[in-house]
Amino acid sequence: MIAITYHEEYNKYDLGVDHPLVGDKPKKTLDFFMQKQLMKECDLLTVPLASEQDLLRVHSSAYVNKIKQLSKTGGMLSLDTPAPPGIYEYARRATGGTVLCGRKLYENYDITVNPLGGFHHAGRENSSGFCFFNDIAVVIEYLRKTFNLERCAVVDVDVHHGNGTQEIYYDDPSVLTISLHQDGRTLYPGTGALEKIGRDKGEGYTVNLPLPPGTGSQSYLSAFTFLVPPLIEQFQPEVLIYQSGVDTHHSDPLADLQLTFSTYYHLAQTMKELASRTCEKLLVLFGGGYNSDASVKAYYNITCGLMGKSSIITEQEQHEIIDSQVQDNVRELQRILSPFWTLQ
Ligand SMILES: [Zn+2]
């Protein structure tokens, strides 16, 4: 059974009229799911605020206080991230949704979804990229403390590299982070090179596959299929976290990958199968997506993949030039990871 978290206040996570992050996307998503009769087969859970204690397991108190202060007056967290009044509560609400999703995986659900989750650019002490608190790390730390979680894997397919999550777990072998993203030389935040594989005991537990601008569905899916299932099966996580960002869609205004709607269905289906073969606990965070109408459809296809429904939204496939650069990167990554993982 699937549960989706929601709260009216989700729609207040709005960074301003001219900002690419559109505040009412969670409501639009839920309305679309209802219109498509999807909610009949999902439970809707209302979301509490994440506690300050939850935040402090990941972020420094100086950083949390800074957000609190900005939230009173309004201001800027970074050049690209305005902090509107009230953001401390709204960001805690978003984080609360992810924590609830984590907890519910230990109660009565095997798949939980937070439509306002996946704030992967937030580091311990600082952030940008429209993120305030790293809900991915907050839920991992919550689950470690509450349920003795020992191994967690994060698969992040948002078009932007998950730099905050990587930074937090770079030397930690108990969290495997896998990020597929547009090459950092061509897109924010500029990180996530192939060679970045972790440090000290965490070596081999950070995996990055940068993709050139223009990468289409076919190349993307074949790279994903080559890489992700074998890593997850060898690692055997107890919880699988899926940051399913859809800013990889060809219509997204912020990035340059060329994926189509059906790709999101296939990715979600694979993630669901992987969870059933390993831990039966899949936490889905919808992540980025800045063409609102396209994002809602892509999120719908993800949910169809999770629920095993084939009534997905399709579109004309994009003309795809198979770029040998994707294959070259995959082969290079296979070589770099060979002391740690078997990929064939
Ligand atoms: Zn993104």
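Brief remarks follow.
- Members of the range 158-190 found to be more than 10 Å from the ligand (Cβ to nearest atom), closer than 22 Å to residue 274 by Cα, assigned to a loop (DSSP other than H, G, I, E, B) and of a type outside the set (Gly, Ala, Ser), listed by number: 173
- Any hit, the range 264-272, residues being within 16 Å of the ligand (Cβ to nearest atom) and either in contact with a Ser or Thr (Cβ under 6 Å, 6 or more places away or on another chain) or not in a helix (DSSP H, G or I) (or both): no
- Any hit, the range 95-113, residues being in contact with a Ser or Thr (Cβ under 7 Å, 6 or more places away or on another chain) and at pLDDT below 95: no
- Among the residues listed as 88, 109, the single one being in a helix (DSSP H, G or I) and away from the ligand (no atom under 16 Å from the Cβ): 88
- Single unsatisfied condition, residue 163 versus (1) out of contact with any helix residue (DSSP H, G or I) (no Cβ under 9 Å at 6 or more places or on another chain); (2) polar (S, T, N, Q); (3) in contact (Cβ under 8 Å) with a residue 60 or more places away in the chain; (4) crowded, with 24+ Cβ neighbours inside 10 Å: (3)
- Residues (small (Gly, Ala, Ser), in contact with a strand residue (DSSP E or B) (Cβ under 7 Å, 6 or more places away or on another chain) and modelled with pLDDT of 95 or more) located in the range 121-173: 153, 162
Okay, residues lined up against (1) touching a residue at least 40 places away in the same chain (Cβ under 8 Å); (2) surrounded by fewer than 22 Cβ atoms within 10 Å (Cβ to Cβ); (3) closer than 22 Å to residue 182 by Cα:
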{"site": "278", "(1), (2), (3)": "yes, yes, no"}
{"site": "283", "(1), (2), (3)": "yes, no, no"}
{"site": "312", "(1), (2), (3)": "yes, yes, no"}
{"site": "320", "(1), (2), (3)": "yes, yes, yes"}
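- Answer from 122, 94 - the residue that is aliphatic (A, V, I, L, M), within 16 Å of the ligand (Cβ to nearest atom), touching a residue at least 60 places away in the same chain (Cβ under 8 Å) and in a loop (DSSP other than H, G, I, E, B): 122
- Filtered residue count, the range 250-263, keeping only those that are out of contact with any Lys or Arg (no Cβ under 9 Å at 6 or more places or on another chain) and away from the ligand (no atom under 11 Å from the Cβ): 9
- Pairs where the first residue, in the range 8-32, is under 21 Å from residue 301 (Cβ atoms) and modelled with pLDDT under 90 and the second is assigned to a helix (DSSP H, G or I) and not aromatic (Phe, Trp, Tyr), C-beta under 9 Å, 6+ apart: 22/28; 22/292; 22/295; 24/11; 24/292
The values are calculated or read from the model by the stated rules, or taken from the named source; none is laboratory data. None of these values were measured; they are calculated from a predicted model. All Cβ positions, even for glycine, are placed from backbone atoms using ideal geometry, and neighbour counts span all protein chains on display.
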